[in-house]
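Working notes, beginning with the structure itself.
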Amino acid sequence: MLHLSCVALAATLAVSPVRVASTAPIAGLAAADTSCAATAADANVAAPRAVPAGPRRLVRFGDPDEVTSPEPPPAVADTPVARRPRAIEHSDAYYTRLEIHRVGAVAMLPLFGAEYFLGQNLLTSLHPASWVRQTHRAVAYGVVGVFGVNTVTGVWNLWEARGDSNGRGRRMVHALTMLAADAGFVATEATVGQAKRTLDGAHRHRNIALASIGLSTASTVYMWLTR
């Protein structure tokens, strides 16, 4: 509104004659012209610029040429997810076979002792009693029978527990050593004819049997100690 008044006043001065006799109107016009000049000066003042959105740049004190940006927030590392161990369930038949296997392992030890005693009697006596030879043969059949049952139950349970990583190493060690003892007992049975004919054949028969008994006993004790 004040700006429009100043424009109108300027137009009036351009077309109206100046009267020297009256100084009051001139003074008024001078005051009005001064106000218009001030108004124009105020209009030419630029309005402050708006601050753009986003992160502001920071200028360090004492070095206006060095401009730094705010540091980004530290990256959050992904938390590793721990996998829960998978539960392994065995059948009732598994535990039944396991119990039979354990009973057979305990029963095997006195059979081994009896077989060694009877074999040594046959090997060192010039005229052993007839019952010694018959008993030695019967105990040998007992060893083969118990060892055969333990081989079947052990291999069966080893296959069923193939997905169970708990104790897998000790089961494999036990299985391999017992299978090697199985092969030794088969070789022992194969040398029975030689043991009856010659003394060297008898010693060979005994040594193979003792190696098989020792390996089987060590494997059984290993399983007991690492249970």
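Residues that are in contact with a helix residue (DSSP H, G or I) (Cβ under 9 Å, 6 or more places away or on another chain) and part of a helix (DSSP H, G or I) within segment 119-134 comprise 119, 120, 121, 122, 123, 132, 133, listed in sequence order. Here residue 201 meets the list (1) over 38 Å from the mean Cα position of the chain (by Cα); (2) within 17 Å of residue 115 (Cβ to Cβ) almost entirely, failing just condition (2).
When the residues of segment 181-227 are filtered to those that are among the polar types (S, T, N, Q) and exposed (fewer than 13 other Cβ atoms within 10 Å of the Cβ), the one that is farthest from residue 154 (Cα to Cα) is 198.
The rows are residues; the columns are (1) in contact with a Ser or Thr (Cβ under 9 Å, 6 or more places away or on another chain); (2) at pLDDT 95 or above; (3) surrounded by 12 or more Cβ atoms within 10 Å (Cβ to Cβ).
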{"residue": "124", "(1), (2), (3)": "no, no, no"}
{"residue": "127", "(1), (2), (3)": "no, no, no"}
{"residue": "134", "(1), (2), (3)": "no, no, no"}
{"residue": "152", "(1), (2), (3)": "no, yes, yes"}
{"residue": "173", "(1), (2), (3)": "yes, yes, yes"}
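Conditions tested, residue by residue: (1) aliphatic (A, V, I, L, M); (2) in contact with an Asp or Glu (Cβ under 9 Å, 6 or more places away or on another chain).
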residue	(1), (2)
112	no, no
115	no, no
122	yes, no
125	no, no
136	no, yes
142	no, yes
146	yes, no
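The set of residues in segment 135-163 that are in contact with a helix residue (DSSP H, G or I) (Cβ under 9 Å, 6 or more places away or on another chain) and outside any helix (DSSP H, G or I) comprises 161, 162.
Residue 165 meets the stated requirement of being surrounded by fewer than 12 Cβ atoms within 10 Å (Cβ to Cβ) and farther than 19 Å from residue 204 by Cα.
Listed here are the residues, each with its yes/no results for (1) touching a helix residue (DSSP H, G or I) at 6+ places or on another chain (Cβ under 7 Å); (2) within 22 Å of residue 97 (Cβ to Cβ); (3) at pLDDT 95 or above; (4) among the hydroxyl-bearing types (Ser, Thr, Tyr).
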| residue | (1), (2), (3), (4) |
| --- | --- |
| 167 | no, yes, no, no |
| 195 | yes, no, no, no |
| 211 | yes, no, yes, no |
| 222 | yes, yes, yes, yes |
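The values are calculated or read from the model by the stated rules, or taken from the named source; none is laboratory data. Everything quoted here is computed from the prediction, not taken from an experiment. Using ideal geometry, Cβ is built from the backbone for each residue, glycine included, and neighbour counts are taken over all protein chains shown.
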